[in-house]
Amino acid sequence: MPPRPPRVLAVIPAFNEASNLPHVVADIRACAPHWDIAVVDDGSRDETSAVARGLGVIVLRLPVNLGIGGAVQTGLMYGYRHDYDVCVQVDGDGQHDPADSVRLIEVLLEQDADLVIGSRFLHGTGFQSTFARRIGIRILRAALRVLTGEPITDPTSGQRALGRRALALVAADYPQEYPEPEVVYILRRHGLRVVEAPVTMRARRAGRSSIRVLHSVLYMVKVLVAILIHASRAPAKERAMS
């Protein structure tokens, strides 16, 4: 008998994304109709939950806004506890192409990886983020290279696929503010395999990002401090990762 296909849950963290969700869900269903979809409504003030329920997806509504870390962890915890093999993180603003996420899962399985990050910089096509964020990404990239030995080109990318080993870890412990680069370090610290695959990022369909130039600078500083704190607490044998 051929092996069964993996059970996949697409996790969509959403804060005031009512206008974008129909397009995002339609894109996922067109590319991967067998995936289940969970929208995590992170305390939205608009009709995000009502729109999601109307689309017939799983709705996980948070009573208050926890931020991206809390929203993503909620979805990943749901996926882990309901025995999904893979969780795919997809932003609610329409920037992520689900066809690329399908490829991330293929890489996850082919390379026996635990986390596959979609990198917009491997091929250099599509939306490349703002200048301020690109500078921050370069600094975070260098810090992670020093601490983990991993040449991760896009550590802040939210388009990623996680297997069961990674889900078991992040369901119990997940950074709460701007978590993506910290997760890379945490997984590598525990000996898990992190790889990248190229994706093409799109501009958001509607609305405005909550990240501004000042936020980008603070983001970089906070994440660097958090990663360095993790590194200072890790035993020497964990810091000497291959």
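The values are calculated or read from the model by the stated rules, or taken from the named source; none is laboratory data. Since this is a predicted model, take the numbers as computed values, not measurements. Heads up, the Cβs are rebuilt from the backbone with ideal geometry, glycines too, and the neighbour counts pull from every protein chain shown. The accessibility values were calculated without ligands, DNA or RNA, using every heavy atom of the protein model including side chains. Shrake-Rupley method; radii C 1.70, N 1.55, O 1.52, S 1.80 Å.
For region 141-163, which residues satisfy the criterion of being among the hydrophobic types (A, V, I, L, M, F, W, C), more than 11 Å from residue 184 (Cα to Cα) and under 16 Å from the mean Cα position of the chain (by Cα)?
161, 162 - these are the residues of region 141-163 that are among the hydrophobic types (A, V, I, L, M, F, W, C), more than 11 Å from residue 184 (Cα to Cα) and under 16 Å from the mean Cα position of the chain (by Cα).
Does residue 88 fit the bill of being touching a residue at least 60 places away in the same chain (Cβ under 8 Å) and within 25 Å of residue 4 (Cβ to Cβ)?
Numbers: touching a residue at least 60 places away in the same chain (Cβ under 8 Å): yes; within 25 Å of residue 4 (Cβ to Cβ): yes.
Against the criterion (touching a residue at least 60 places away in the same chain (Cβ under 8 Å) and within 25 Å of residue 4 (Cβ to Cβ)), residue 88 qualifies.
Taking region 56-85 only, how many residues are free of Cβ contacts under 8 Å to residues at least 12 places away in the same chain and among the aliphatic types (A, V, I, L, M)?
Step one: of region 56-85, the residues free of Cβ contacts under 8 Å to residues at least 12 places away in the same chain are 56.
Now drop any that are not among the aliphatic types (A, V, I, L, M), which leaves none.
Number of matching residues: 0.
Please go through region 54-75 and pick out each residue that is closer than 19 Å to residue 22 by Cα, under 18 Å from the mean Cα position of the chain (by Cα) and not aliphatic (A, V, I, L, M).
Passing the criteria: only 75.
Looking at 41, 27, which one is crowded, with 21+ Cβ neighbours inside 10 Å and charged (D, E, K, R)?
Working: 27 fails: crowded, with 21+ Cβ neighbours inside 10 Å.
Among 41, 27, only 41 is crowded, with 21+ Cβ neighbours inside 10 Å and charged (D, E, K, R).
If I filter region 47-60 for residues that are open to solvent by 50 Å² or more (accessible area, probe 1.4 Å), under 19 Å from residue 174 (Cβ atoms) and at pLDDT 95 or above, do I get at least one hit?
Among the residues of region 47-60, not one is open to solvent by 50 Å² or more (accessible area, probe 1.4 Å), under 19 Å from residue 174 (Cβ atoms) and at pLDDT 95 or above, which makes the answer no.
In the list 97, 91, 83, 41, which residue meets the criterion of being closer than 21 Å to residue 182 by Cβ and not small (Gly, Ala, Ser)? Quick ask: steps written out before the conclusion?
Working: 97 fails: closer than 21 Å to residue 182 by Cβ; 83 fails: closer than 21 Å to residue 182 by Cβ; 41 fails: closer than 21 Å to residue 182 by Cβ.
Being closer than 21 Å to residue 182 by Cβ and not small (Gly, Ala, Ser) holds for just one of 97, 91, 83, 41, which is 91.
Exactly one condition in (1) in contact with a Phe, Trp or Tyr (Cβ under 9 Å, 6 or more places away or on another chain); (2) modelled with pLDDT under 70 is false for residue 167; which is it?
(2)
Search region 170-187 for residues that are more than 17 Å from residue 88 (Cα to Cα) and pair each with any residue that is of a type in the set (Phe, Trp, Tyr) and open to solvent by less than 20 Å² (accessible area, probe 1.4 Å) when their beta-carbon atoms are under 6 Å apart and the residues are at least 6 apart or on different chains.
178/219
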